[in-house]
1. Considering the range 125-148 alone, what residues qualify as being of a type in the set (S, T, N, Q) and assigned to a helix (DSSP H, G or I)?
2. Among Ser49, Ser80, Ser62, which is the only one that is polar (S, T, N, Q), buried (at least 17 other Cβ atoms within 10 Å of the Cβ) and out of contact with any Phe, Trp or Tyr (no Cβ under 6 Å at 6 or more places or on another chain)?
3. Give all pairs with beta carbons closer than 8 Å in which a residue from the range 137-150 that is under 19 Å from Glu201 (Cα atoms) and in contact (Cβ under 8 Å) with a residue 12 or more places away in the chain meets a residue that is of a type in the set (D, E, K, R) and surrounded by fewer than 24 Cβ atoms within 10 Å (Cβ to Cβ); count only pairs at least 6 apart in sequence or on separate chains.
4. Taking the range 149-172 only, how many residues are in contact with a Ser or Thr (Cβ under 7 Å, 6 or more places away or on another chain) and either on the phi > 0 side of the Ramachandran plot or not in a loop (DSSP other than H, G, I, E, B) (or both)?
5. Out of curiosity, is Gly291 modelled with pLDDT of 85 or more and buried (at least 18 other Cβ atoms within 10 Å of the Cβ)?
6. Any idea how many residues of the range 169-188 are crowded, with 23+ Cβ neighbours inside 10 Å and under 15 Å from the mean Cα position of the chain (by Cα)?
Amino acid sequence: MTPINMNFSWLMANIICSGQKAKTEIGYMDIKPSKGLLEAKQFERIFVSACAYDCMAYKSFSDYLKKINAYFEVAAKEHSSMIVFPQLFGVSCATFTANGKKIIANMFSENFTDLYLKDYIKSMGKWNINFYTGFFSALAKKYNMYVQPGSVLFYENGKIYNRSYMFDNNGFLVNHQDKLFPSIYEKNMGISAGNTINIMETDIGNFAILNGADSFSYEPAKIAKELGADAIISSCIDKDNLNPILHRKTVQWRCSEQNLFGIIPCSRKISTEESPISFVAPTGITEDLTGLLSTEPTEIIKTQRLNFIKLKKYFNSYTSDRNYPLYQKYFDNIY
């Protein structure tokens, strides 16, 4: 891709659609806000919707808006306080721009071939971020819902980051998180590692975003817990070198160790029927504590209740050994 073509792509993207144009289009939509956030103020009726998403090319902005809005409508009907998308979901914003379809197709192909990704991010990155943030900020406000819209490739100071954002129900940015442990594939793409864990502090709890291999290590979840996190948001993609089953297991381990909920949206291939959306709690499969580890094979969105208060109240009864002398007697043999 030559510099001239890149500049043309940037120009065409701004002509076709901008973040402000997206806000205007969303503003015209007749939307009935969810009551979920109002109910969640009690911290006992917090519903979160996680999404399974197929990365695809879009013909136009209206096509894109129609597809994404369908997810929000389902979440609103289920009275969700928050909707969560998988990582790299934000790159789909570029698929209706001049060269976006080619870039996205190459990114998710078996053999990544685009040698000009960094140059593309340099020229298109600002537009992509402006559109991505403007689009989901407007939807968050319109639906009165917290939104964690996956992640997008962000160019800053000569480096590219896999960056996740969260918006509150008024459309304001809560915080962002850069992926801490990029995969070999991501490193080959030129993606750099983040070095800070930022907690998304909200009225419905505090969330940490630990995507892919970020949840594989013990330390990030421990740090997130120490910083006040109540739940982990984590998704993996094929390029993370983690299959969905192993990824769900790693999130489950971190949740059990740190007394955290786990929310797992997912990316999936169009040809794959399975949609491994999961919600994890340290107490395992206990309906009364809403600690569900679940997979819905055909649905593209799953909503679950997160009862932080009840979970914390009963956590010790599930993790403490009630026969302390017995525990002491065999401690050295076990550990």
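1. So in the range 125-148, the residues of a type in the set (S, T, N, Q) come out as 128, 130, 133, 137, 144, 148.
Within the range 125-148, Asn128, Asn130, Thr133, Ser137 meet the criteria.
2. From the options Ser49, Ser80, Ser62, the qualifying one is Ser49.
3. Matching pairs, first to second residue: Ser137/Lys23; Ala140/Asp168; Tyr146/Asp168.
4. In the first step, residues of the range 149-172 are kept if they are in contact with a Ser or Thr (Cβ under 7 Å, 6 or more places away or on another chain); the result is 150-151, 159-165, 167-168, 171.
Remaining after also requiring either on the phi > 0 side of the Ramachandran plot or not in a loop (DSSP other than H, G, I, E, B) (or both): 150-151, 159-165, 167, 171.
The number of residues fulfilling the criteria is 11.
5. Working: modelled with pLDDT of 85 or more: no; buried (at least 18 other Cβ atoms within 10 Å of the Cβ): yes.
No; evaluated as a whole, the condition is false for this residue.
6. Qualifying residue count, the range 169-188: 3.
Residues checked against (1) crowded, with 24+ Cβ neighbours inside 10 Å; (2) at negative phi; (3) in contact (Cβ under 8 Å) with a residue 40 or more places away in the chain:
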| position | (1), (2), (3) |
| --- | --- |
| Gly190 | no, no, yes |
| Asn195 | no, yes, no |
| Asp203 | no, yes, yes |
| Ala213 | no, yes, no |
| Pro220 | no, yes, yes |
| Ala224 | yes, yes, no |
| Asn243 | no, yes, no |
| Arg254 | yes, yes, yes |
| Gln258 | no, yes, no |
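Conditions (1) part of a helix (DSSP H, G or I); (2) over 27 Å from Gly212 (Cα atoms); (3) at pLDDT below 75; (4) touching a Gly at 6+ places or on another chain (Cβ under 6 Å), marked per residue:
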{"site": "Phe8", "(1), (2), (3), (4)": "yes, yes, yes, no"}
{"site": "Cys51", "(1), (2), (3), (4)": "no, no, no, no"}
{"site": "Ala75", "(1), (2), (3), (4)": "yes, no, no, no"}
{"site": "Gln87", "(1), (2), (3), (4)": "no, no, no, yes"}
{"site": "Ala98", "(1), (2), (3), (4)": "no, yes, yes, no"}
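The values are calculated or read from the model by the stated rules, or taken from the named source; none is laboratory data. Just so it is clear, the structure is predicted and the values come from calculations on it, not from any experiment. Neighbour counts run over all protein chains shown; Cβ positions are idealised from the backbone, glycine included.
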